[in-house]
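What follows is a set of notes on a single structure, which appears directly below.
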Amino acid sequence: MAEFTRIVTEESSIQCRFCAGTDISKYGKYKDNQYYICKTCGRKFSEIDTYPRMKYPREYIINALNYYYNGMSYRNINQTFEDMKDVDISKSTIWRWIVKYSKMSNEYGLRLQPKLSDTWIADETVIDIWGKKYWFWDIIDTDTRFLIASHLSRTRTQKDAKKFFHMAKLRTQTRPKKILTDKLGIYPGAFNKVFYSNLKARHVDHLTSEGFGSKTNTNLIERFHGTLKQRTKVMRDLKKPESARIVLDGFVTHYNFFMEHSYLNGKTPAAVSGIGKDIGNWGDLIDLAIWEPIENPKVMLEWEEFKVV
Ligand SMILES: [Zn+2]
(Lines give C-alpha, C1' and ligand atoms only; values in the text may rest on other atoms or scores of the structure.)
Protein backbone atom coordinates (compact mmCIF):
# COMPACT_ATOMS: atom_id res chain seq x y z
CA MET A 1 0.00 0.00 0.00
CA ALA A 2 1.28 3.43 -0.82
CA GLU A 3 1.93 5.73 2.02
CA PHE A 4 1.00 9.31 1.62
CA THR A 5 3.21 11.77 3.33
CA ARG A 6 2.36 15.39 3.38
CA ILE A 7 5.57 17.28 2.91
CA VAL A 8 5.39 20.74 4.30
CA THR A 9 8.27 22.84 3.11
CA GLU A 10 9.23 26.19 4.45
CA GLU A 11 8.20 27.76 1.18
CA SER A 12 4.70 26.36 1.03
CA SER A 13 3.28 29.04 3.30
CA ILE A 14 4.46 31.77 0.99
CA GLN A 15 2.15 33.18 -1.60
CA CYS A 16 3.12 34.97 -4.78
CA ARG A 17 2.45 38.66 -4.44
CA PHE A 18 1.31 38.84 -8.04
CA CYS A 19 -0.78 35.72 -8.78
CA ALA A 20 -1.26 34.28 -5.26
CA GLY A 21 0.40 31.07 -6.47
CA THR A 22 2.07 28.85 -3.86
CA ASP A 23 4.68 27.11 -6.01
CA ILE A 24 7.53 29.28 -4.82
CA SER A 25 11.32 28.89 -4.75
CA LYS A 26 13.97 30.86 -2.92
CA TYR A 27 15.84 33.31 -5.10
CA GLY A 28 18.77 34.62 -3.09
CA LYS A 29 19.05 36.95 -0.16
CA TYR A 30 19.98 40.58 0.24
CA LYS A 31 20.97 41.54 3.79
CA ASP A 32 18.13 40.06 5.84
CA ASN A 33 15.64 40.11 3.07
CA GLN A 34 14.84 36.78 1.39
CA TYR A 35 13.87 36.87 -2.28
CA TYR A 36 11.55 34.41 -4.03
CA ILE A 37 10.54 33.39 -7.53
CA CYS A 38 7.03 32.22 -8.39
CA LYS A 39 6.99 29.13 -10.62
CA THR A 40 3.46 29.91 -11.78
CA CYS A 41 3.90 33.42 -13.13
CA GLY A 42 7.70 33.64 -13.15
CA ARG A 43 7.83 36.88 -11.17
CA LYS A 44 10.16 37.65 -8.29
CA PHE A 45 9.48 39.32 -4.97
CA SER A 46 10.98 39.72 -1.53
CA GLU A 47 9.89 38.86 1.98
CA ILE A 48 9.95 42.42 3.23
CA ASP A 49 8.04 44.25 0.60
CA THR A 50 10.63 46.82 -0.41
CA TYR A 51 13.26 47.38 -3.06
CA PRO A 52 16.90 46.42 -2.47
CA ARG A 53 18.66 48.84 -0.10
CA MET A 54 15.49 50.78 0.66
CA LYS A 55 14.07 51.55 4.06
CA TYR A 56 10.50 52.50 3.18
CA PRO A 57 7.94 50.05 1.75
CA ARG A 58 7.79 49.52 -2.00
CA GLU A 59 4.25 50.89 -2.03
CA TYR A 60 5.45 54.32 -0.81
CA ILE A 61 7.98 54.58 -3.61
CA ILE A 62 5.46 53.61 -6.28
CA ASN A 63 2.95 56.08 -4.85
CA ALA A 64 5.54 58.87 -4.84
CA LEU A 65 6.27 58.32 -8.54
CA ASN A 66 2.59 58.16 -9.39
CA TYR A 67 1.79 61.34 -7.46
CA TYR A 68 4.70 63.15 -9.03
CA TYR A 69 4.05 62.19 -12.63
CA ASN A 70 0.38 63.01 -12.18
CA GLY A 71 1.47 66.56 -11.38
CA MET A 72 1.55 66.76 -7.57
CA SER A 73 3.99 69.18 -5.96
CA TYR A 74 6.44 68.05 -3.27
CA ARG A 75 4.32 69.79 -0.64
CA ASN A 76 1.25 67.81 -1.70
CA ILE A 77 3.13 64.53 -1.88
CA ASN A 78 4.51 65.11 1.60
CA GLN A 79 1.05 66.03 2.92
CA THR A 80 -0.54 62.96 1.34
CA PHE A 81 1.97 60.69 3.10
CA GLU A 82 1.27 62.52 6.36
CA ASP A 83 -2.47 62.06 5.98
CA MET A 84 -2.47 58.47 4.77
CA LYS A 85 0.56 56.86 6.42
CA ASP A 86 1.37 59.28 9.22
CA VAL A 87 4.97 59.68 8.05
CA ASP A 88 6.96 62.78 7.25
CA ILE A 89 9.10 62.01 4.23
CA SER A 90 11.75 64.59 3.42
CA LYS A 91 12.00 66.37 0.14
CA SER A 92 15.44 64.90 -0.55
CA THR A 93 14.15 61.35 0.03
CA ILE A 94 11.27 61.88 -2.38
CA TRP A 95 13.58 63.35 -5.01
CA ARG A 96 15.97 60.47 -4.59
CA TRP A 97 13.18 57.96 -5.18
CA ILE A 98 11.88 59.79 -8.22
CA VAL A 99 15.28 60.18 -9.88
CA LYS A 100 16.57 56.70 -9.02
CA TYR A 101 13.49 54.72 -10.03
CA SER A 102 12.65 56.87 -13.05
CA LYS A 103 16.14 56.32 -14.41
CA MET A 104 15.88 52.58 -13.96
CA SER A 105 12.43 52.43 -15.51
CA ASN A 106 13.33 54.68 -18.44
CA GLU A 107 16.29 52.45 -19.21
CA TYR A 108 14.19 49.33 -19.01
CA GLY A 109 11.57 50.90 -21.30
CA LEU A 110 14.25 51.70 -23.87
CA ARG A 111 15.06 48.03 -24.28
CA LEU A 112 11.55 47.22 -25.45
CA GLN A 113 10.99 47.66 -29.17
CA PRO A 114 7.56 49.09 -29.98
CA LYS A 115 5.84 48.08 -33.21
CA LEU A 116 5.08 51.38 -34.90
CA SER A 117 3.30 52.59 -38.02
CA ASP A 118 5.08 54.09 -41.01
CA THR A 119 4.35 57.76 -40.28
CA TRP A 120 6.01 59.78 -37.53
CA ILE A 121 5.50 63.40 -36.58
CA ALA A 122 8.33 65.53 -35.21
CA ASP A 123 7.80 68.79 -33.41
CA GLU A 124 9.30 71.28 -30.98
CA THR A 125 7.79 73.45 -28.29
CA VAL A 126 9.03 75.92 -25.68
CA ILE A 127 8.99 74.92 -22.05
CA ASP A 128 10.02 76.88 -19.01
CA ILE A 129 12.45 75.30 -16.52
CA TRP A 130 14.33 77.20 -13.82
CA GLY A 131 12.86 80.38 -15.28
CA LYS A 132 14.66 79.75 -18.55
CA LYS A 133 13.34 79.00 -21.97
CA TYR A 134 14.15 75.51 -23.28
CA TRP A 135 13.19 73.77 -26.49
CA PHE A 136 11.54 70.43 -26.02
CA TRP A 137 11.62 68.25 -29.14
CA ASP A 138 9.54 65.15 -29.62
CA ILE A 139 8.79 62.62 -32.28
CA ILE A 140 5.62 60.59 -32.08
CA ASP A 141 4.16 57.68 -34.07
CA THR A 142 0.80 58.54 -35.65
CA ASP A 143 -1.11 55.26 -35.18
CA THR A 144 0.04 54.19 -31.74
CA ARG A 145 0.72 57.70 -30.30
CA PHE A 146 3.97 56.23 -29.00
CA LEU A 147 6.45 58.95 -28.09
CA ILE A 148 9.61 57.67 -29.76
CA ALA A 149 12.22 60.21 -28.65
CA SER A 150 12.54 63.58 -26.98
CA HIS A 151 15.32 66.09 -26.64
CA LEU A 152 15.86 69.17 -24.50
CA SER A 153 18.00 72.09 -25.68
CA ARG A 154 18.61 75.78 -25.13
CA THR A 155 18.97 76.39 -28.88
CA ARG A 156 16.85 75.51 -31.87
CA THR A 157 19.48 74.65 -34.47
CA GLN A 158 20.02 72.08 -37.19
CA LYS A 159 22.41 70.32 -34.80
CA ASP A 160 19.60 69.93 -32.26
CA ALA A 161 17.21 68.58 -34.87
CA LYS A 162 19.84 66.16 -36.14
CA LYS A 163 20.57 64.87 -32.67
CA PHE A 164 16.93 64.33 -32.05
CA PHE A 165 16.34 62.45 -35.35
CA HIS A 166 19.31 60.23 -34.52
CA MET A 167 17.73 59.38 -31.20
CA ALA A 168 14.51 58.31 -32.92
CA LYS A 169 16.48 56.04 -35.23
CA LEU A 170 18.45 54.60 -32.33
CA ARG A 171 15.36 54.08 -30.23
CA THR A 172 13.42 52.14 -32.86
CA GLN A 173 16.31 50.55 -34.81
CA THR A 174 14.17 51.19 -37.84
CA ARG A 175 12.97 53.95 -40.16
CA PRO A 176 9.44 54.98 -41.12
CA LYS A 177 8.13 55.72 -44.63
CA LYS A 178 7.22 59.30 -43.81
CA ILE A 179 8.17 61.96 -41.29
CA LEU A 180 6.10 65.09 -40.89
CA THR A 181 7.52 68.30 -39.49
CA ASP A 182 6.54 71.93 -39.49
CA LYS A 183 8.16 74.29 -42.00
CA LEU A 184 11.05 75.30 -39.78
CA GLY A 185 14.12 75.84 -41.99
CA ILE A 186 16.47 73.65 -39.96
CA TYR A 187 14.51 70.43 -40.56
CA PRO A 188 15.38 69.55 -44.20
CA GLY A 189 19.15 69.61 -43.62
CA ALA A 190 18.92 67.64 -40.38
CA PHE A 191 16.51 65.18 -41.97
CA ASN A 192 18.81 64.49 -44.93
CA LYS A 193 21.81 63.95 -42.71
CA VAL A 194 20.03 61.28 -40.69
CA PHE A 195 17.51 59.67 -43.03
CA TYR A 196 18.76 60.19 -46.57
CA SER A 197 19.34 56.98 -48.52
CA ASN A 198 19.87 56.09 -52.19
CA LEU A 199 18.24 52.73 -51.61
CA LYS A 200 14.56 52.72 -52.45
CA ALA A 201 13.71 50.33 -49.61
CA ARG A 202 15.27 52.72 -47.11
CA HIS A 203 13.72 55.84 -48.52
CA VAL A 204 11.95 58.15 -46.07
CA ASP A 205 9.76 61.04 -47.24
CA HIS A 206 9.99 64.34 -45.45
CA LEU A 207 6.65 66.12 -45.49
CA THR A 208 6.05 69.54 -44.05
CA SER A 209 2.84 71.18 -42.96
CA GLU A 210 1.85 74.64 -41.86
CA GLY A 211 3.05 73.97 -38.35
CA PHE A 212 0.54 74.04 -35.57
CA GLY A 213 -2.28 75.37 -37.63
CA SER A 214 -2.48 71.87 -39.04
CA LYS A 215 -5.24 69.84 -37.46
CA THR A 216 -3.62 66.40 -37.55
CA ASN A 217 -0.39 67.54 -35.97
CA THR A 218 -1.98 69.60 -33.26
CA ASN A 219 -4.42 66.93 -32.17
CA LEU A 220 -1.72 64.35 -32.02
CA ILE A 221 0.86 66.09 -29.94
CA GLU A 222 -1.02 68.73 -28.03
CA ARG A 223 -2.10 66.45 -25.24
CA PHE A 224 1.44 65.57 -24.38
CA HIS A 225 2.65 69.17 -24.69
CA GLY A 226 -0.21 70.37 -22.54
CA THR A 227 0.54 67.99 -19.69
CA LEU A 228 4.25 68.53 -20.03
CA LYS A 229 3.97 72.31 -19.75
CA GLN A 230 1.71 72.03 -16.78
CA ARG A 231 3.94 69.47 -15.07
CA THR A 232 7.31 71.07 -15.65
CA LYS A 233 6.21 73.32 -12.79
CA VAL A 234 7.02 70.39 -10.54
CA MET A 235 10.53 70.25 -11.99
CA ARG A 236 11.53 73.58 -10.49
CA ASP A 237 13.31 71.93 -7.58
CA LEU A 238 15.63 70.01 -9.84
CA LYS A 239 18.95 71.76 -9.72
CA LYS A 240 21.02 69.45 -11.87
CA PRO A 241 20.37 69.17 -15.62
CA GLU A 242 20.99 65.38 -15.45
CA SER A 243 18.14 65.04 -12.99
CA ALA A 244 15.95 67.22 -15.17
CA ARG A 245 16.75 64.98 -18.13
CA ILE A 246 15.85 61.84 -16.17
CA VAL A 247 12.59 63.33 -14.96
CA LEU A 248 11.70 64.57 -18.42
CA ASP A 249 12.27 61.04 -19.71
CA GLY A 250 10.15 59.91 -16.78
CA PHE A 251 7.27 61.97 -18.16
CA VAL A 252 7.78 60.26 -21.52
CA THR A 253 7.75 56.84 -19.80
CA HIS A 254 4.63 57.81 -17.89
CA TYR A 255 2.98 58.99 -21.09
CA ASN A 256 3.88 55.87 -23.12
CA PHE A 257 3.15 53.25 -20.49
CA PHE A 258 0.49 54.64 -18.18
CA MET A 259 -1.61 57.25 -19.95
CA GLU A 260 -4.75 55.84 -21.50
CA HIS A 261 -5.96 57.53 -24.66
CA SER A 262 -9.52 57.74 -25.85
CA TYR A 263 -8.19 57.58 -29.41
CA LEU A 264 -6.66 54.20 -28.52
CA ASN A 265 -9.91 52.95 -26.94
CA GLY A 266 -8.65 53.53 -23.44
CA LYS A 267 -5.34 51.78 -24.06
CA THR A 268 -1.84 53.13 -23.58
CA PRO A 269 0.59 53.78 -26.49
CA ALA A 270 2.84 50.99 -25.13
CA ALA A 271 -0.01 48.47 -25.06
CA VAL A 272 -1.03 49.35 -28.63
CA SER A 273 2.56 48.99 -29.83
CA GLY A 274 2.81 45.58 -28.21
CA ILE A 275 5.24 46.24 -25.36
CA GLY A 276 3.10 47.01 -22.34
CA LYS A 277 1.59 43.60 -21.70
CA ASP A 278 2.86 43.03 -18.16
CA ILE A 279 3.29 46.69 -17.29
CA GLY A 280 0.26 48.30 -15.72
CA ASN A 281 1.86 50.74 -13.30
CA TRP A 282 5.18 52.15 -12.08
CA GLY A 283 5.53 49.20 -9.69
CA ASP A 284 5.49 46.67 -12.56
CA LEU A 285 8.06 48.65 -14.50
CA ILE A 286 10.39 49.05 -11.49
CA ASP A 287 10.11 45.33 -10.68
CA LEU A 288 11.12 44.45 -14.23
CA ALA A 289 13.95 46.98 -14.20
CA ILE A 290 15.31 45.54 -10.95
CA TRP A 291 15.01 41.88 -11.84
CA GLU A 292 15.76 41.78 -15.54
CA PRO A 293 19.38 42.24 -16.54
CA ILE A 294 20.13 44.83 -19.21
CA GLU A 295 20.65 43.03 -22.49
CA ASN A 296 21.57 45.87 -24.73
CA PRO A 297 24.05 48.15 -22.95
CA LYS A 298 25.58 49.47 -26.18
CA VAL A 299 22.36 51.11 -27.27
CA MET A 300 22.08 52.53 -23.76
CA LEU A 301 25.53 54.08 -23.91
CA GLU A 302 24.91 55.61 -27.32
CA TRP A 303 21.58 56.87 -26.13
CA GLU A 304 23.15 58.51 -23.11
CA GLU A 305 25.59 60.35 -25.35
CA PHE A 306 22.66 62.01 -27.08
CA LYS A 307 21.03 62.87 -23.83
CA VAL A 308 23.25 65.74 -22.75
CA VAL A 309 21.21 68.91 -22.40
ZN1 LIG B 1 2.99 34.27 -9.27
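The values are calculated or read from the model by the stated rules, or taken from the named source; none is laboratory data. Here the structure is a predicted model, which means the values were calculated and not measured. Because the Cβ atoms are built from the backbone with ideal geometry, glycine has one as well, and the counts that use them run over all protein chains shown. For the accessible areas, the whole protein counts, side chains as well, though only heavy atoms, and no ligand, DNA or RNA atoms are used. Shrake-Rupley method; radii C 1.70, N 1.55, O 1.52, S 1.80 Å.
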Next on the checklist: Please list, in order along region 114-125, the HN-Hα scalar couplings obtained from phi with the Karplus expression 6.51 cos²θ - 1.76 cosθ + 1.60 (θ = phi - 60°), rounded to whole Hz, x for Gly and Pro.
Outcome noted: x, 8, 10, 8, 9, 10, 10, 10, 10, 6, 9, 9
Checklist entry - Where in region 23-97 are there GluC sites (Glu not before Pro) that are in a DSSP coil and have at most 15 other Cβ atoms within 10 angstrom of their Cβ? => result E47
Checklist entry - How much solvent-accessible surface does I121 expose, in Å² to the nearest 10, with a 1.4 Å probe and all protein chains in place? => result 0 Å²
Checklist entry - What are the residues whose amide H is under 5 Å from the amide H of A149, where those residues sit 5 or more places off or on another chain and H is modelled from the backbone? => result I139
Checklist outcome for this item: Rounded to the nearest 10 Å², the 1.4 Å probe accessible area of Y60 is 30 Å²
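Test of understanding: express the Cα radius of gyration of region 41-196 as a ratio to 2.2 N^0.38 Å, with N the residue count.
1.32
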